[in-house]
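See structure below.
Please treat every number below as a calculation from the coordinates, not as lab data. Fair warning: this is a prediction, and the values are worked out from it, not measured in the lab.
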């Protein structure tokens, strides 16, 4: 039986974490002995999901989002000791700080194969505005990737850009996947109505799921709602530091009856069929798991032309809009709202297209490189 350690920086809800959970369950079903590790005190989502699937977990005391050199050195020592005591065949690293674990793997006595997955380019993304952080991140990645056997990208667009800046040579592309089990439309709507305190009957419900933070760009969606017909409502699922800013934007635009911040909704992806249109206005992305859920749920999508998203949807001319272009977004959202035929066609084609993102195909591809 092959043994695999999967490491992600934090165990909270997020795209990388959802991918880790899906991969761990899929490989376990194929006979692998999988352990999932994450930073101490952050494991509610990952730990709970793995416990339900009877998969082992480990909490690393020194793994976290901090870039403090001392903490990183202590994590290397901590992971090396764990690897020395456990003969894993492979270690799969996810998210930037987990990449440091490649050093521990190469210094360990057991020397397992290593893979690192770019779930997006984050500080390296061309749309990220922090030039100094991006410069430092590029240097750090170039050094740390020396300790990794295989670089994995979730979209061809991310791989091509990483290669252009000197990071992607020899990388492989493995699309993300989810195994979300969806509520039916009526059940999902009732659940969101209870949280919002408003009935969505006879409305066209636009939804988005994600952390309330700068990269997700939810303020753009709030602004654009003013240009859509009265029956268009917006439900934003997620929590984060931008909540006060978004609340102010909703008040300033007098959209309290059209835009709703629903906070953290447990198993948010399960509610996807409540939406008539799923929107991601992100400033940068990799291959977002929420978009894969929307495709699998068979609903129309409208996403910004960044990262790997243009290559993920069927009919990109009708489901991609120019980043931060309200006119383009409103025009395409109205076209979907006003045409039941277009809505039905996009829903059907998305449901067929999602076969590209199956958990079985993802697990087989990772097993091959491990």
Quiz item: For the chain, what is the calculated [θ] at 222 nm in deg cm²/dmol (nearest 500), taking -39500 (n - 2.57) for each run of four or more DSSP H residues and dividing by its residue count?
Solution: -12500 deg cm²/dmol
Quiz item: Using Cα atoms only, what is the angle between the long axis of helix 185-196 and the major principal axis of the chain, expressed in degrees (0 to 90) to the nearest 10?
Solution: 90
Practice problem: Please give the helix 15-29 orientation as an angle from the longest Cα principal axis of the chain, in degrees from 0 to 90, rounded to the nearest 10. | Solution: 60
Quiz prompt | Structure-derived Rg/Rh (Cα atoms, Kirkwood Rh) - corresponding label in (i) 0.97; (ii) 0.94; (iii) 1.30 | solution = (i)
Exercise. Treating each Cα of the stretch 145-290 as an identical point scatterer and ignoring solvent, apply the Debye formula and state log10 I(q)/I(0) at q = 0.09, 0.11, 0.17 Å⁻¹.
Key: -0.36, -0.51, -0.95
Self-check item: Cα-derived Rg to Rh of the stretch 1-143, Kirkwood definition
Solution: 0.96
Self-check item: When the convex hull of its Cα atoms is projected in every direction, mean area for the stretch 111-160 (nm²)
Solution: 3.7
Quiz item: Out of 242, 54, 33, any idea which swings most in a Gaussian network model of the chain, alpha carbons joined below 10 Å?
Solution: 54
Quiz item: When the Cα atoms of the stretch 60-139 are enclosed in a convex hull and the volume is divided per residue, what value in Å³ results?
Solution: 91
Quiz prompt | In degrees, nearest ten, helix 326-338 long axis to first principal axis of the chain (Cα) | solution = 70
Quiz item: What is the Cα convex hull volume of the stretch 1-73 when expressed per residue in Å³?
Solution: 78
Self-check item: Normalised alpha carbon radius of gyration of the stretch 238-326 [divisor 2.2 N^0.38 Å]
Solution: 1.14
